[in-house]
Every structure is written in structure tokens, then in C-alpha cells.
Amino acid sequence: MADAVGNVFFFITPIGEPGSAERKRADSLQNYILATAIDGIAEIVRADEIAEPGSITAQIFSYVVETKYAVADLHGFNPNVMYELGVRHSFNLPTILRIDYDQKMPFDLFSERAIQIDLSDLSSHETLSMNIRKFILSIDNGIKYTSPVLANTKLKSEIAEKTIATISQLIDSVDALEFSVEDISSNIDTLNYNIDSVNDDIGDKLSLLFKLVNKKIKKSD
């Protein structure tokens, strides 16, 4: 495999059979737009052009997850293209998204920036080339990228951590509350005991008083 880190630009696109409209479209996009945009910067590699021996699937995945630069042509939302794009997003690898001017982005990619162009309009070709060069420059300058996969899983992880922390705080609060309730219960028991003791003492004194009164009454008789 060529130098995956520096000089390979992987083109993720519908390929089609030789001679098909899909193949001609991929060839035109690669040869007349992408090649011009990255001339002198990187080598374009497409899945059907990998000339290395071995498993084609393994080779494709090597390029998908190891190349520094990539562009995904979302024309027709080809299943293979969407799958390979999903793999790159899972590895948090930046990828240019190219979409037809009359297409709408799928829900899962709605927040992603895409270059929307009309291939029949020559001015759109320059727009795509310019954006590709900006993309390469931003990567080389180390601008941080966060894929929608990482962004959403990170968000869920943060929510889970906050939830766990909140539950832990609630448990601590309940433990403290139980301790307070035990304290209150103990104090109430002590208070009841003291009241009982006072009542007993008052009862004894009243009993003694009644005895003294009775004695006085008997002496008077």
C-alpha cells in the first residue's frame, strides 16, 4: 500500500460496471476535477484501481481507515459508499462529502458540511476543487475534526457519566437522610424516656401528697 498517511487521497464513490454511466461518471469526477484539485499533493486511489495482491475487501478497508485524505461521492446514496463513510466516521477520520445539487442530506449526516454541486455546471467544478484544497490545508494544519459518530457517542457517554454522578449523589443524600432519621428517632426515644421519667416522678409526688392529705384528714376526725 502507498504511504497512507501522507500522499494518498482515497476516492469513495459508486463505481459500476465498465462502460456503465456510473463508471463514466466516477471516471470524469476523478480525472477532471479531483486530479486537478490535488495535483502535486496526493495520489488518488479508488477501490477498483487497487493493484495489490490479496483480499480486495481487506485492501479497501485499509485505505478507508488509514488514508489521511478522502472524499465520498454521495450520488444516489450508494450503500457501499455510505458504509465506507460510516467506517471512516467511526475512526473519526475527516472526509469531504460531495452531493448533487438536487439531493438532500440523509438525516444521520444532516449536520455534516457537504459540497453541493451540479456536475453539468463548469463553475461547480472549480467550487469542488477549491473546497478540496481547503480541506487538505485544514488537515495539514491540524484543525480538529469530530465525526458525527464520535460526537454522538461522546455526548451519550457524558450524559451517562452525569447520570451516574447524579445517582451517586442521590444515594449519598439518602444515606445522610437515613442517618438523620436515625438521629431524630433516637432523640425522640430519649425524649419519650425523659417524659416517662418525669411522669413517674410526678406520679410519685402526687401519691405522696395524697397520703399526707389523708393523714391530715384522719387526724382532724
**Prompt:** Considering Ser90, Ser111, which residue is surrounded by 13 or more Cβ atoms within 10 Å (Cβ to Cβ), among the small types (Gly, Ala, Ser) and out of contact with any Cys (no Cβ under 6 Å at 6 or more places or on another chain)?
**Reply:** Ser90
**Request:** Give region 37-49 a look and list any residue that's surrounded by 14 or more Cβ atoms within 10 Å (Cβ to Cβ) and over 17 Å from Ala72 (Cα atoms), or say none.
**Result:** Ile41
**Request:** Would you please name the residue that is farthest from the chain's Cα centre (by Cα), looking only at residues in region 114-145 that are surrounded by 11 or more Cβ atoms within 10 Å (Cβ to Cβ) and assigned to a loop (DSSP other than H, G, I, E, B)?
**Result:** Asp121
**Request:** Would you check if there is a residue in region 45-57 being in a loop (DSSP other than H, G, I, E, B) and of a type in the set (S, T, N, Q)?
**Result:** yes
**Test: Tyr63 is part of a helix (DSSP H, G or I), without any contact (Cβ under 8 Å) to a residue 24 or more places away in the chain and hydroxyl-bearing (Ser, Thr, Tyr)** = no
**Item:** Residue list for region 66-90, filter: in contact (Cβ under 8 Å) with a residue 40 or more places away in the chain and within 20 Å of the chain's Cα centre (by Cα)
**Value:** Glu84, Leu85, Gly86, Arg88, His89, Ser90
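Where a number appears in this text, it was derived from the coordinates with a stated rule and is not lab data. Bear in mind the structure is a predicted one, so any value in this text is a computation, not a measurement. For neighbour counting, all protein chains shown are included, and Cβ atoms are generated from backbone atoms with ideal geometry for every residue, glycine included.
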